[in-house]
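Worksheet: the structure to be examined is printed underneath.
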Amino acid sequence: MNKYILIITWSSIFLEILLFGAIFMEQKKKMYLFILGVLFHFLIFFFLGLFSFFLVMTAGLALYLLPTTLKIFKNEYIYRKSKI
């Protein structure tokens with residue numbers, strides 16, 4: 001068996017086990033695993049053409065690894081005064 005195929009196969013299994021173990025990790029490590037997981041699934045899309053798989057797995061990783069209090073914008077809460 002080709003040693004490159006062996007390395008790729010076992011590294012993908014190791015990554016998936018590492019993603020499972022992220023439930024016990026602190027948030028900073030989860031962010032690194034999120035980036036690594038999205039990159040991994042993007043490469044699956046790139047080489048195999050499974051776009052819907054990439055989208056679903058990225059959404060699952062976002063729900064699983066990203067914090068619920070993640071601020072996307074600087075001014076997250078903008079209050080408007082009513083003219084009533």
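The stretch between residue 23 and residue 63, if pulled fully straight at 0.36 nm per residue, gains 13.2 nm over its current Cα-Cα span.
Going from the fewest other Cβ atoms within 10 Å to the most, the residues 1, 25 appear in the order 1, 25.
Bear in mind these aren't lab numbers, they're just calculated from the coordinates by the rules spelled out. Just so it is clear, the structure is predicted and the values come from calculations on it, not from any experiment. With ideal geometry, Cβ positions are generated from the backbone for all residues, glycine too; neighbour counts draw on all protein chains shown.
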